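Bear in mind these aren't lab numbers, they're just calculated from the coordinates by the rules spelled out. Since we're looking at a predicted model, the values are computed, not measured.
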Amino acid sequence: MLNYALTFLLIAIVAGILGFGVIAGTAALFAKILFFIFLVLFIASLLRGRKG
């Protein structure tokens, strides 16, 4: 999931440099959402690993 977030971030950066504002904004939004999902799942797996 982190790979997808980084991929969308890279797409957003390239699209922003090339002047595609809508595509850059959408890709950045997807990257942010995927990163937060990854972060929540990562913290949950850390907490779950300590209990087990």
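Annotations for the structure displayed:
- Helix 21-51 vs. the chain, principal-axis angle (Cα, 0 to 90°, nearest 10): 10
- Angstrom value of the Kirkwood radius, inverse mean 1/r, which spans all Cα pairs in the chain: 11.7
- From helices alone, the chain scores -32500 deg cm²/dmol at 222 nm; the rule is -39500 (n - 2.57) for each run of n ≥ 4 DSSP H residues, then divide by the residue total.
- The chain, relative contact order [Cα under 8 Å, separation at least 6], %: 40
- To the nearest ten degrees, helix 2-18 and the longest principal axis of the Cα atoms of the chain are 20 degrees apart.
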